[in-house]
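What follows is one structure encoded as structure tokens, with my remarks underneath.
The values are calculated or read from the model by the stated rules, or taken from the named source; none is laboratory data. Keep in mind that what you see is a predicted model, and the values were worked out from it rather than measured. Reconstructed Cβ throughout: ideal geometry from the backbone, glycine too, with neighbour counts over all protein chains shown. Note: accessible area is taken over every heavy atom of the protein model, side chains too, but ligands, DNA and RNA are not part of it. Shrake-Rupley method; radii C 1.70, N 1.55, O 1.52, S 1.80 Å.
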Amino acid sequence: MSLLRARAAVSPLRRVFADANAVLPAVDDLIAVERPEDPVHCVRPAAIAAAASAFVASFPGDVLYAVKCNPEPTVLRAIYEGGVRHFDCASAGEVALVRTMFSDAEIHFMHPVKARGAIRDAWTRHGVQDFVFDSADELAKILDVTGATAADGLGLVVRLALPKGTAAYDLSGKFGAAPDEAVALLRAARPHAARLGLSFHVGSQCLDPLAWRAAIELAGAVIRAAGVAVEVLDVGGGFPVAYPDIDPPPLGAFMAEIEASFERLALPGTRLWAEPGRALVAGGASVVVQVQLRRGNALYVNDGVYGSLSDAGAPGFNFPVRMIRPEGAATSGSDTAFEFFGPTCDSVDRMRGPFLLPDGIAEGDWIEIGQLGAYGACLRTAFNGFDRARMVEVRDGAMLETAGYALAA
Ligand SMILES: *Cc1c(COP(=O)(O)O)cnc(C)c1O
């Protein structure tokens, strides 16, 4: 019952999940049989588990999965199967969902601004011990609501603001304490914390390993200035994945930079955490859409920026695509550049791509759009009544490989 409620709270999709022993279908077979007129999310549990275990194997510390990126129960199970036991949650709904699924998971409440009730439930009912804050008022709120002390195992993590960087999504504008403020917060929290930490986020889809070096150096300066022991340095998320026009450095380049920068700080009592989201799940889901009208090189499809393709709109992400035509009729010509229009009446519901597809693509054909395991299904809205989408598990591998992540067979 509580699982059902938590599911409804984090995503409005209708799901058709195979039982544990079923052989998962391949995407093409599924489309041939079902000929779906609504978008279908195809989740690849094996690809997600492989990416998670590659990250766990190469990161020199604890890996916390950032649940907001894709909170689907089947995705969380694959992450867990890949060896992840820590979860970065940002809301009461995420905390309850993870706790319902994994009684042994360590849940960390990493949102710097929390409702009192959410803190209370997390601490008293769900065994959450670590809480992030970036202000003295939020620290006071956490201490007041939990009534906890260091003796109770309370973990307190200060979120440090970073200067604006080069990541695709800048996260510097909303959360985080400036360095001098972070110094004061570390000192203020120290007497109350069994575990004191400092965290940052370089921004999502950050292609430059040196962004972590700069952030770790800043964090080191803050820790030295505070003059208190810090048990955790949390290097956040932001690890990039490949898109058709983006080929990021391999995962190992980021790990090497983080490890070397951290060693230079010479903090023997400090443990590293990371909070990857996109990197663990992007390759693990695609969305199959259907072409409802072709007008020149514009394809009107049944999903868009108010559905699972938010990042293809204004942020202008490109995604790997391929046509699916079950009857296999030949299509003429080579790859042609198309743009997509989504189903809603809003003119921002437009995705410029360019998406390279066969010249002969026509009304009724399907298109599989890959790398949508991250920030895809979880951003769906019901705007304009286009709330019918399904989610199924498939056995296909990721549509696009990101260097450093093991691919499922
Ligand atoms: C969104 C978020 C993440 C995950 O970011 P990715 O870019 O998906 O890796 C991690 N930590 C925090 C605090 C976040 O807000």
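Just a few scattered comments:
- By average C-beta atoms within 10 angstrom, highest first, the peptides 276-286, 181-191: 276-286, 181-191
- Residue among ALA177, ALA189, GLY93 farthest towards the positive dipole end of the range 45-281, charges placed on Cβ: ALA189
- Helical contribution to [θ] at 222 nm, DSSP H n ≥ 4, -39,500 (n - 2.57), averaged over the chain, rounded to 500: -8500 deg cm²/dmol
- The share of Cα pairs per 5 Å bin across the range 208-257, counted from zero up to the longest distance, runs 4, 17, 25, 18, 14, 10, 6, 4, 2, 0 percent.
- Of the solvent-accessible surface of the chain, computed with a 1.4 Å probe and all protein chains present, 53% belongs to carbon and sulfur.
- Counting every alpha-carbon pair across the chain, the share separated by more than 28 Å comes to 48%.
- Restricting the calculation to Cα atoms, every distinct pair contributes to the Kirkwood radius of the range 257-409, found to be 17.3 Å.
- GNM top mover of GLY203, GLY385, GLY307 - the chain, alpha-carbon springs below 10 Å: GLY385
- Charged-residue dipole, Cβ positions (Lys, Arg, Asp, Glu), the chain about Cα centre, Debye nearest 20: 900 debye
- Computed with a 1.4 Å probe over protein heavy atoms only, the accessible surface of the chain comes to 40 Å² per residue.
- Computed extension gain for ALA140 through ALA266, at 0.36 nm per residue and net of the alpha carbon distance, reaches 42.3 nm.
- Set of the range 374-398 residues, backbone N closer than 17 Å to the point 7 Å along the Cα-Cβ line of CYS345: 382-387
- Among LYS68, LYS164, LYS141, the residue with the largest mean-square fluctuation in a Gaussian network model of the chain, with springs joining Cα atoms closer than 10 Å, is LYS164.
- Coordinate range of the alpha-carbon atoms in the range 168-300 per principal axis, descending: 64, 28, 22 Å.
- Equivalent ellipsoid semi-axes - Cα gyration tensor, the range 337-409, angstrom: 24, 18, 13
- The Cα atoms of the range 45-281 define a convex hull whose projected area, averaged across directions, is 11.7 nm².
- For the chain, the relative contact order is 23 percent, taking Cα pairs closer than 8 Å that sit 6 or more residues apart in sequence and dividing their mean separation by the residue count.
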